[in-house]
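Below is one structure, written out as structure tokens, with a few remarks after it.
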């Protein structure tokens, strides 16, 4: 049955409509298959900094913990926690009554010992005078011995003369030449000379005994002088000891009032007026003074980043109490011993043997602080330090999220081509690190790159890319599914704003 012209027109129109729908559907489907991506065009960066960020707290250069050096009840505390103090400023006063009594008693004992020294010195002077008199007596007695010896010698001569005259008179009287009177006179002279010699000898012996006695008295006096001198030395030693005790008591008396040893801030006052301060092994802590002349920041750097930190590197520090104000700082110390993140007590065993993540203490010194900032800082305030570990100029960098790591392509069948760096047998091939770039035809191309230092949100590209390349940066869900040569389209501003508003990846 032949179709009418009207039906033929309807069929033809229907076919055209169907073809149009097929074209439209295929175009729409093809567009839906093209993922939307965000891109960034690479430029040469004037500067890229690699940083390490760590948190910590404000630390003064040193803490001075004042403890009670003398026992007593606390009468006055002259400052409050947080006050700025100057070196030599009075801080705490302990009741000095007992200390003053001890000082006065020691002063009296010292005066008595000084009097003993003076008396001993007088005794030495007296003994030395007695020794001088005794030595003079010895000299006089010895001179008398010499005189008596001379008298003995003279008497001996006289006796010898009288003896010769007596012998001559005896001979003359026997010859009848001399009279009996002459003989008796000679005999008397002889007897007298003999008596005189005996007397002189007796006097000499007596004088020698007197010399011995004088020498013994002088020796005794010398012993007395030595004993007096020894007594003086003992008295002086006792006096020196008592004076030392007095200085100690005076020092203890002065320590009843504690003075600040440095310029700083009062960090803590654990005691109160009326409490009894104990000195000794369990001494009472009065207060803690923080030396704020140099203010440090102590931060904890993770073990994965500590190798990048070196002494002398510059940093920026933010202290919570100062808001967004950034303070210049420099790294002054990197502790070589790790600390477990859960370690609150310290100690070598706790630091080394704990099987958990470790941190390292790093100390930074704040620089260029003005008086207002210095006055607001207090020990223990929370802070964050951003340490610049490396700086490079005129570099090409891409956002960190643009870096993709994927398995290398499987080797194609056919003759093997020698590789410059073959993978050892039994080892898993290393992932390729690279980025996806967009060519002029909106086609994806994977480019392997070599990276350098890492900044806060970007990473340096040392080889593989040139300035002007358009790099795909996201979304991350798209980057994971991209394939070499795939068609994509740039994400429109409207869809990008919707993705950001919706918390897109």
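Readers should treat all values here as calculations from the given coordinates under stated rules, not as data from a laboratory. On a predicted model such as this, the values are computed, not experimentally measured, just so you know. Neighbour counts run over all protein chains shown; Cβ positions are idealised from the backbone, glycine included.
How far apart, in nm, are two points set 7 Å out from the Cα along the Cα-to-Cβ line at residue 263 and at residue 201?
Here the answer is 10.1 nm between the modelled labels.
Subtract the Cα-Cα distance of residue 384 and residue 236 from 0.36 nm times their separation in residues, and report this length gain in nm to one decimal.
Residue separation times 0.36 nm, minus the Cα-Cα distance, leaves 46.8 nm.
Taking the simple approach of a point 7 Å from Cα along Cα-to-Cβ for both residue 133 and residue 407, what is their distance in nm?
In this crude spin-label approximation the distance works out to 12.4 nm.
For segment 241-312 and segment 436-497, write down the distance between their C-alpha centroids in whole Å.
Result: 59 Å between the Cα centres.
For a Förster distance of 22 Å, can you work out the FRET efficiency between the beta-carbons of residue 483 and residue 433, rounded to the nearest 0.05?
Calculated transfer efficiency: 0.80.
Stretch residue 18-residue 328 to full length: gain in nm at 0.36 nm per residue minus the Cα-Cα span?
This chain segment gains 104.4 nm when fully extended.
How far is it, in nm, from the label point at residue 371 to the one at residue 457 when both lie 7 Å from their Cα along the line to the Cβ?
About 4.1 nm, to one decimal.
Counting alpha carbon pairs within less than 8 Å and at least 6 residues apart, what relative contact order, in whole percent, applies to segment 20-175?
Numbers: 24 pairs, mean separation 18.1, N = 156.
RCO, segment 20-175: 12 percent.
Of (i) 23.7; (ii) 36.8; (iii) 23.0, which is the value of Kirkwood radius over Cα pairs in Å derived from the coordinates here?
After the calculation, the listed value that fits is (ii).
Considering Cα pairs under 8 angstrom that are at least six residues apart, work out the relative contact order of segment 98-254 and quote it in whole percent.
So the answer I get is 51 percent.
Work out, step by step, the length gained on full extension between residue 10 and residue 112: first 0.36 nm times the residue separation, then minus their alpha carbon distance; give nm to one decimal.
Full extension of this stretch gives 22.4 nm more.
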